[in-house]
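Written out below as structure tokens is the structure these notes cover.
The values are calculated or read from the model by the stated rules, or taken from the named source; none is laboratory data. Fair warning: this is a prediction, and the values are worked out from it, not measured in the lab. The accessibility values were calculated without ligands, DNA or RNA, using every heavy atom of the protein model including side chains. Shrake-Rupley method; radii C 1.70, N 1.55, O 1.52, S 1.80 Å.
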Amino acid sequence: MPVKLIMPKIGLNMVEGQIAEWVVKEGESVKKGDVMYVIETDKVTNDVEAPQDGVLLKILVPVQKIVQVREVVGILVEQNEVVDLESVMKEFGDDRNKKEGIKLKTDETGKQSQKIAISGKTGEILASPLAKRLAIQNDIDLSSIKGSGPGGRIKMRDVEKLIKERGNGKEEGTLPGKTIALTGIRKVVAERMAFSAATMAMVTLNSELDVTSLVVYRDGLKKASKDKKEIPSYNAILVYLTARVLREFPYMNASFANIGIKLVDVVNIGLAVDTSEGLMVVVVRKADRKSVDQIHKELYVLAERAQNQRSVPEDLKSSTFTITNLGIYGIDAFTPIINPPEAAILGVCRFVQKDVLFEGQNKRRAMANFSLTFDHRVIDGGPAARFLQRLGELIAKFEHAE
């Protein structure tokens, strides 16, 4: 009995998606759970697995074509099943590839796992589509990699590890002289950043804030906690504090519209996450109502999904204010670009121990630069400065989570 392969609905708000890759070719066989094709929405890439054992009879939607959710993209049949392709196509309501009088019989000569060819070497290798893509870009033979995934499946991080070990990897997995198509996440980021730069009157304020209390707080938890994963990250603490300042300064939690300035009634904090596929902003909803621990646990899950290309649309939507932290890269100052339709974004730089005047004395303190970019159409310089000043006050006196 033929089985419809459809464009799945991932998340409540998804209405359409694009076929990013067909991992399986027509006539190849699969086992239940094998990845058959990869779909891509605005910022999410997901593998779609075979619902049962069988053979891919027909691909109805080619790569890069956008279709509505639940539209049939391919047809899967059982091994040795005799089918009338014309009848099948008619049943599934597709006339684009109808072929009269053709009968196809599938056999057991198709592949039993993901069969890929790199540099002329073919083998039955289990690998994710992203791992395959990165391997091809860097001329890597996947048979030389031991997979860390289920059943030895090679994941993208396995390929990235090999690239680092060889010392020949390039940022984003590219090679010199190669032109990378502007698709998927990279295309979305490019369009949104260009829109932001072209339509907003962006101004950036920079302030060096005392973050010693945050360092002391986390150091205390490190000594008392056995599980380091339970210790809230600096990002979690900053999301927590920023959300509370936004409650006090609602005009920072706003957006510009043709009819006026819209003050948003919920505080959804976005956090920029650097992934191998590009920049993604995961969202902590109603962050002003959550504790540091709750935010930390939520961010851990959201960031892990983003870095493994497992985000769902709801993970990335409806942020009202964004934080981007480049401190891990040793950055001392930068100018973040607003994530539209928001009105502001907070940039966080590295924490540095330095001698400063504190309470009338020269003392060693942990200091960090914070860069607040705001849309001057929505916010004036004075209110934006007071927002940053208030955030500094809450950071300085932070001692424990509510």
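For a test of the definition: using alpha carbon positions, the gyration tensor, and the 1.5 limit on a/c, classify the range 306-395 as rounded, prolate or oblate.
Working: a/c = 2.70, a/b = 1.47, b/c = 1.84.
Verdict is oblate for the range 306-395.
Averaging sequence separations of C-alpha pairs under 8 Å and six or more residues apart, then dividing by the length of the range 1-61, give the relative contact order as a whole percent.
Relative contact order, the range 1-61: 31 percent.
In Å², and per residue, what accessible area does the range 202-259 have when probed at 1.4 Å with the other protein chains present?
51 Å²
I'm checking a number: the convex hull volume of the Cα atoms of the range 240-325, normalised per residue, in Å³. What is it? Don't skip to the end; give the middle numbers.
On the way: hull volume 8.5 nm³, N = 86.
That works out to 99 Å³ per residue.
Given the pairs 223/363; 161/354; 155/297, which are separated by over 30 angstrom at their Cα positions? Kindly include the intermediate steps, with their values, before the conclusion.
Values: 223/363 24 Å; 161/354 35 Å; 155/297 24 Å.
Violating the 30 Å limit, Cα to Cα: 161/354.
Mind grabbing the accessible area of residue 205 for me, 1.4 Å probe, Å², rounded to tens?
The accessible area of residue 205 comes to roughly 50 Å².
Express the relative contact order of the range 263-394 as a whole percentage, based on alpha carbon pairs under 8 Å and six or more residues apart in sequence. Can you show the working numbers first?
Numbers: 217 pairs, mean separation 24.7, N = 132.
The value is 19 percent.
Let me make sure I get this right: for the range 212-285, a, b and c are the square roots of the gyration tensor eigenvalues over alpha carbons, sorted descending. Under 1.5 in a/c it's rounded, otherwise prolate if a/b > b/c, else oblate. Which is it? Can you show the working numbers first?
Values: a/c = 3.58, a/b = 1.78, b/c = 2.01.
Oblate.
In terms of solvent-accessible area of protein heavy atoms at a 1.4 angstrom probe, what is the ranking of 364, 153, highest value first?
Greatest to least solvent exposure: 364, 153.
Ordering 293, 210, 265, 375 from largest to smallest accessible area (1.4 angstrom probe), what's the sequence?
Reading off the accessible areas and sorting them downward yields 265, 293, 210, 375.
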